[in-house]
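These notes concern the structure reproduced below.
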């Protein structure tokens, strides 16, 4: 009687199982998917332009990217953002942080008819005075899944050669502020971090840390 023998090489190709069910493949690490977890300013611009040209909600989607980037918002904070948190007269936005973050009041950049103000006012004209800033055609808030898919699609259409996810917009804010030489404590409060160690990750990559190197 001949025994059934599985060679070592063949055994490696057999899917792993859990309770006789095929286990899903292991999730790849971020470092294996993309070279960095933030976008440069030029890439943010490309992302916004691509979003604006895609689908029927181009202005809404490009504005969402702009607001997420300017105010370091998580997806959950984006979809919960309300019009009553925005004060056009004073040019400010009240940021309610989730995940135990510290709330703060942010200035709206160039609030005197600047890019962000114009984009928000146009959005209000298109979608009406709904409680939430970013809504569907039925006036309900966007879902986190919709935002993730929209930004991933915009990344592809923008020609960015690695996959994009919404939290990269928040990271991009941190790196932008650090590269601008902003004070670490100020960045901490702007990002809503309770622990400054979460902020240091951005300042550690600032090129200003090495200014003066290799000078005679």
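The values are calculated or read from the model by the stated rules, or taken from the named source; none is laboratory data. It should be emphasised that the depicted structure is a prediction, and the values quoted were computed from it without experimental measurement. Note that we place each Cβ from the backbone using ideal geometry, even for glycine, and neighbour counts take in every protein chain shown.
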Answer yes if at least one residue in the range 87-104 is surrounded by 15 or more Cβ atoms within 10 Å (Cβ to Cβ), out of contact with any helix residue (DSSP H, G or I) (no Cβ under 8 Å at 6 or more places or on another chain) and in a strand (DSSP E or B), and no otherwise.
yes
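Conditions (1) surrounded by fewer than 21 Cβ atoms within 10 Å (Cβ to Cβ); (2) over 19 Å from residue 105 (Cα atoms); (3) touching a residue at least 24 places away in the same chain (Cβ under 8 Å); (4) touching a helix residue (DSSP H, G or I) at 6+ places or on another chain (Cβ under 7 Å), marked per residue:
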| residue | (1), (2), (3), (4) |
| --- | --- |
| 160 | yes, yes, yes, yes |
| 165 | yes, yes, no, yes |
| 178 | no, yes, yes, yes |
| 181 | yes, yes, yes, yes |
| 185 | yes, no, no, no |
| 189 | yes, no, yes, no |
| 192 | no, no, yes, no |
| 197 | yes, yes, no, no |
So the helices (runs of 4 or more DSSP H) completely within the range 1-76 holding 1 or more residues that are at pLDDT below 95 are 8-11, 30-33, 41-52
Look through 122, 153, 148 and report the one residue that is touching a residue at least 40 places away in the same chain (Cβ under 8 Å), surrounded by 12 or more Cβ atoms within 10 Å (Cβ to Cβ), over 21 Å from the mean Cα position of the chain (by Cα) and assigned to a helix (DSSP H, G or I).
122
Which condition number in (1) more than 18 Å from the chain's Cα centre (by Cα); (2) surrounded by 16 or more Cβ atoms within 10 Å (Cβ to Cβ) is the one that residue 115 fails?
(2)
